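K.L.:
Could you have a look at this structure, given as structure tokens, before my questions?
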Amino acid sequence: MFNNQELEQDARIKEFFREFKNDSIFLFGDTDYFSSYFTDRTAPYQNGLIVINKVIEYKELMDTLLELRTTLKDADRICIGINKFSIYSHVSDKDADEVYDDALVNSVREKFNQFNVVEIVKDPELRADKFNFASPSTQIYLERR
Amino acid sequence: MNTIGKFDFDRLSLDNKNTLYSKMHPLVNDGVDTDIKLAIPASGSIWIDSGAPFLHGDCISLESVYFKDVFDKKSKHTHFAADFTSDLICRALQKVYKPSCIVFYYSPFLRYMTLSECKAVIETYKKHLPQAKIILVIDLKFLLFHRIRLTNDDAVKILAPKKKHKITTFQYYMEL
């Protein structure tokens, strides 16, 4: 929430899970805002919400997503939100897509390749004339094939 | 994505402006980072969008016009601008002060710039104030660059500093 208004990125996540909000969900990362929205957190999980909003090295992020894929092996739908500004790399990967937002999305898709991508939300045109304390997240919405 | 087009500064209370300003300018509450040895020449430094008047009341500084109310109105050396990147501003600073140093200390106006945009700002200051040493203390977290194809050190190289010091993963001190 900001200034008593729900952030668009949060509202979008709620909408994605609206029909399934009473199903079991695994929450990971910066998800406190959603803790009262979802009621069931018992495994096996039908849904997964992953929000990465802390400084993290790229390889560590990929390893974390691999582990989460195992945790969410029974899930039907997953939302992954990543604050793209929080990522750094120890080594450069010149094979990554030339566009950062696309490279990030592609690497997430590869980890969850048993899912269809329902929606991708990114903002490559983010500029200083916008208000950005709201941690702009790149969001990837997935549903099991 | 929640991004609000622009602040309505006219409707923002002074308390909120103070809070916002201090959150964006770490110098206000924290002073100079103890990991940094600011190599500032004794004579004539100008601090750009850095919150320096809160540290040294009599320093010369250029601050955002949107935050004018936050500053002591009696200060003769705190100036205000809407655009820190213009040739006009740089020429005025040179004409009035001919400073020996320009300091950008976590200056928020550099946020969400690409590396080349950030470098262009530095080049503008170097062009119009050729005698001035440029000190840039920056949090790369807020710059736009490809964080998979570039390491943070790669990003710093693009800014081409003469001297650099890594403070934290994203924070760097540079002399340019």
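K.L.:
When you scan the stretch A:71-79, do you find a residue that is among the hydroxyl-bearing types (S, T, Y), within 11 Å of another protein chain (Cβ to nearest Cβ) and surrounded by 15 or more Cβ atoms within 10 Å (Cβ to Cβ), even just one? Spell out how you get there, then give the answer.
P.N.:
So the first thing to find is which residues in the stretch A:71-79 are among the hydroxyl-bearing types (S, T, Y), and the list is A:71.
Narrowing the set further to residues that are within 11 Å of another protein chain (Cβ to nearest Cβ) leaves none.
Checked against the condition, which is being among the hydroxyl-bearing types (S, T, Y), within 11 Å of another protein chain (Cβ to nearest Cβ) and surrounded by 15 or more Cβ atoms within 10 Å (Cβ to Cβ), the stretch A:71-79 yields no hits at all.
K.L.:
OK, next. What number goes with the only condition from (1) among the basic types (K, R); (2) exposed (fewer than 15 other Cβ atoms within 10 Å of the Cβ); (3) touching a Leu at 6+ places or on another chain (Cβ under 6 Å) that B:K127 does not pass?
P.N.:
(3)
K.L.:
Looking for something surrounded by fewer than 21 Cβ atoms within 10 Å (Cβ to Cβ), among the hydroxyl-bearing types (S, T, Y), within 11 Å of chain A (Cβ to nearest Cβ) and part of a loop (DSSP other than H, G, I, E, B) - is there at least one such residue anywhere in the stretch B:114-123?
P.N.:
no
K.L.:
Inspect all residues belonging to the stretch B:93-108 and state whether any of them is within 17 Å of B:Y173 (Cα to Cα), of a type outside the set (V, I, T), out of contact with any strand residue (DSSP E or B) (no Cβ under 7 Å at 6 or more places or on another chain) and touching a residue at least 60 places away in the same chain (Cβ under 8 Å). Give the derivation first.
P.N.:
First, pick out the residues of the stretch B:93-108 that are within 17 Å of B:Y173 (Cα to Cα): B:101-108.
With the extra rule that they be of a type outside the set (V, I, T), the set shrinks to B:101, B:104-108.
Then drop every residue that is not out of contact with any strand residue (DSSP E or B) (no Cβ under 7 Å at 6 or more places or on another chain), which leaves B:108.
Cutting the leftovers down to touching a residue at least 60 places away in the same chain (Cβ under 8 Å) gives us B:108.
The answer is yes; a qualifying residue exists.
K.L.:
Which condition breaks for B:A82 when tested against (1) closer than 29 Å to B:N18 by Cβ; (2) touching a residue at least 24 places away in the same chain (Cβ under 8 Å)?
P.N.:
If we test B:A82 against (1) closer than 29 Å to B:N18 by Cβ; (2) touching a residue at least 24 places away in the same chain (Cβ under 8 Å), just (2) comes out false.
K.L.:
Still on this structure: Specify the residue that is farthest from the other protein chains (Cβ to nearest Cβ); the eligible residues are those in the stretch B:139-159 that are farther than 22 Å from B:H25 by Cα and among the acidic types (D, E).
P.N.:
Result: B:D153.
K.L.:
Something else about it: Please verify whether the stretch B:151-165 includes one or more residues that are without any contact (Cβ under 8 Å) to a residue 24 or more places away in the chain and in a loop (DSSP other than H, G, I, E, B).
P.N.:
Yes, the stretch B:151-165 contains a residue that is without any contact (Cβ under 8 Å) to a residue 24 or more places away in the chain and in a loop (DSSP other than H, G, I, E, B).
K.L.:
Of everything in the stretch A:1-31, what is exposed (fewer than 12 other Cβ atoms within 10 Å of the Cβ) and more than 27 Å from A:N106 (Cα to Cα)? Give them in sequence order.
P.N.:
Within the stretch A:1-31, the first condition is being exposed (fewer than 12 other Cβ atoms within 10 Å of the Cβ), and the residues that meet it are A:1, A:3-5, A:15, A:18-19, A:22.
Those that are exposed (fewer than 12 other Cβ atoms within 10 Å of the Cβ) and more than 27 Å from A:N106 (Cα to Cα): A:M1, A:N3, A:N4, A:Q5, A:E19, A:N22.
K.L.:
Same structure, new question: Counting residues that are over 22 Å from B:I167 (Cβ atoms) and modelled with pLDDT under 90, which helices (runs of 4 or more DSSP H) fully inside the stretch B:4-112 reach at least 3?
P.N.:
Details: elements: B:14-24, B:27-30, B:87-97.
Fully inside the stretch B:4-112 and qualifying: B:14-24.
K.L.:
Follow-up question, since we're still on this one. Looking only at the stretch A:86-103, count every residue that is within 10 Å of A:T138 (Cα to Cα) and facing another protein chain (nearest Cβ under 7 Å) and tell me the total.
P.N.:
0
K.L.:
Any idea which of A:V91, A:V105 is part of a loop (DSSP other than H, G, I, E, B) and of a type in the set (V, I, T)?
P.N.:
Numbers: A:V105 fails: part of a loop (DSSP other than H, G, I, E, B).
Going through A:V91, A:V105 in turn, just one is part of a loop (DSSP other than H, G, I, E, B) and of a type in the set (V, I, T): A:V91.
The values are calculated or read from the model by the stated rules, or taken from the named source; none is laboratory data. Values in this document were obtained by computation on a predicted structure and should not be read as measured data. Please note: Cβ atoms are built from the backbone with ideal geometry, for glycine as well, and neighbour counts cover all protein chains shown.
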